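*Asks:* Provided herewith is a single structure, encoded as structure tokens, for subsequent inquiry.
Every number here is computed from the coordinates shown, using simple stated rules; none is lab data. Remember, it's a predicted structure, so these values are computed and weren't measured experimentally. No Cβ is skipped: glycine too gets one built from the backbone with ideal geometry, and neighbour counts run over all protein chains shown.
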Amino acid sequence: MNKTIFITGAAKRIGKEIALTYMKLGWNIIIHYNSSKHEADELASEINRVNPNTAITVQGNLDVKEDIEKIIKRVLVAFPTIDLLINNASTFYPTPIEEISEDHWEKLIGSNLKGPMFLIKGLGEKLRESKGSIINITDTNLSKGVANFSIYSAAKAGLDAITKGLARELAPEIKVNAIAPGAMLEPPDITWTEEQKNKVIDSIPLKRMGSEKDIAEAVKFLAESDYITGQIIKVDGGRSL
Ligand SMILES: NC(=O)c1ccc[n+]([C@@H]2O[C@H](COP(=O)([O-])OP(=O)(O)OC[C@H]3O[C@@H](n4cnc5c(N)ncnc54)[C@H](OP(=O)(O)O)[C@@H]3O)[C@@H](O)[C@H]2O)c1
């Protein structure tokens with residue numbers, strides 16, 4: 001029987017690469033999206049062309065309680081098991097202190113922290129049955145503090161904390177780990193100038209940006225490991241050193 005991976009925010013970029021990596025392994029793939037319906041449908045078609053009847057999509061806004069419930073219902077019945085949950089979806093934008101509003105708080109905490117927490121709650125029993133694994137995608141830059149990103153940072157730091165707490169609580173059946181990417185891709189909808197890009201690259205000991213593949217490979221490594229739980233693996237070319 002095929003194993004099943006559920007990836008949030010999987011229509012594009014890093015989530016999509018994780019989906020394609022598990023397509024090559026022949027897994028069932030549940031592609032979650034919020035607004036990128038076209039890209040999610042295209043990805044599901046691509047996967048189903050290679051491995052028929054293995055990919056489905058599920059829509060939902062992780063800021064919205066009813067949507068999280070809807071996602072969980074669909075995921076629970078999609079395939080016989082759930083073996084791997086990847087909390088990858090994320091909203092990312094600056095919130096200078098003088099501009100912070102409750103709406104910013106709800107949005108940044110919703111997708112980066114509250115959504116992952118309630119997805120784990122809703123899917124936990126099924127992950128337990130399959131002795132599955134949870135991987136939360138956080139961010140390597142938190143440890144040094146990032147000006148203007150205090151809400152996003154708080155949400156991702158919370159996700160790191162959830163990772164460690166739940167690794168204890170859900171053991172021994174479920175492993176819970178996190179991957180903290182460094183500078184992999186330019187932020188969505190922003191194109192850096194050459195100068196901005198060079199400044200980022202200069203701050204990375206390995207002297208290059210990462211890629212979607214670096215994260216997908218780390219996911220595969222963690223998911224296949226039988227003796228790692230509660231860890232936050234930095235995939236950042238040494239930037240956090
Ligand atoms: N890219 C980097 O260099 C980098 C660096 C550090 C950390 N990370 C982390 O790595 C992960 C993947 O990065 P990425 O750059 O590929 O992510 P991304 O493109 O910024 O976002 C991934 C997806 O999250 C979904 N999303 C956003 N808000 C949502 C909401 N309220 N409800 C449901 N889905 C929502 C979006 O889905 P739709 O398009 O369908 O709306 C989006 O396509 C993220 O957790 C990010 O924080 C990335």
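*Asks:* Just to confirm the number: angle between the C-alpha axis of helix 37-50 and the first principal axis of the chain, 0 to 90 degrees, nearest 10?
*Replies:* Tilt of helix 37-50: around 50 degrees.
*Asks:* For Asn148, put the label point 7 Å out on the Cα→Cβ axis and report which residues of the stretch 182-222 keep their amide N under 19 Å from it.
*Replies:* 183-203
*Asks:* Same structure, new question: Straight-line reach from Lys24: which lysines fall under 19 Å, measuring Cα to Cα and dropping same-chain residues less than 8 apart?
*Replies:* List returned: Lys3, Lys12, Lys16, Lys213, Lys220.
*Asks:* Now for a different question. Can you compute the modelled spin-label distance between His38 and Gln196, with each label point 7 Å from Cα toward Cβ, in nm?
*Replies:* Here the modelled spin labels are 2.4 nm apart.
*Asks:* Just order 80-88, 161-169, 94-102 by mean Cβ neighbour count inside 10 Å, highest at the front, would you?
*Replies:* 80-88, 161-169, 94-102
*Asks:* Also, I was wondering about something else. Give the distance, in whole Å, between the Cα centre of the stretch 170-187 and the Cα centre of the stretch 144-163.
*Replies:* 14 Å
*Asks:* For every helix of n ≥ 4 consecutive DSSP H residues, a contribution of -39,500 (n - 2.57) applies; sum these over the chain, divide by its total residues, and give [θ] at 222 nm rounded to the nearest 500 deg cm²/dmol.
*Replies:* Values: 8 runs with 106 residues, N = 241.
Taken over the chain, the calculation gives -14000 deg cm²/dmol.
*Asks:* Still on this structure, I have one more. As a quick test, which of the pairs Lys37/Lys131; Lys114/Lys199; Lys114/Lys234 have an alpha carbon distance above 26 angstrom in this structure?
*Replies:* Table pairs above 26 Å Cα-Cα are Lys37/Lys131; Lys114/Lys199.
*Asks:* Please compute the modelled spin-label separation between Lys207 and Gln231, points set 7 Å along Cα→Cβ, answer in nm with one decimal.
*Replies:* Each label point lies 7 Å from its Cα, and together they span 2.9 nm.
*Asks:* Just the Kirkwood number for the chain, please: inverse of mean 1/r across all distinct Cα pairs, in Å, one decimal. Display every interim value, and only then the final one.
*Replies:* On the way: mean 1/r = 0.0551 Å⁻¹.
The Cα-based Kirkwood calculation yields 18.1 Å.
*Asks:* Next question, about the same structure. What is the local net charge at Leu222, summed over the other residues whose Cβ is closer than 14 Å to its Cβ (Lys, Arg +1; Asp, Glu -1)? Don't skip to the end; give the middle numbers.
*Replies:* On the way: positive: Lys175, Lys220, Lys234; negative: Asp83, Asp214, Glu217, Glu224, Asp226.
Taking every Cβ under 14 Å from that of Leu222, the sum is -2.
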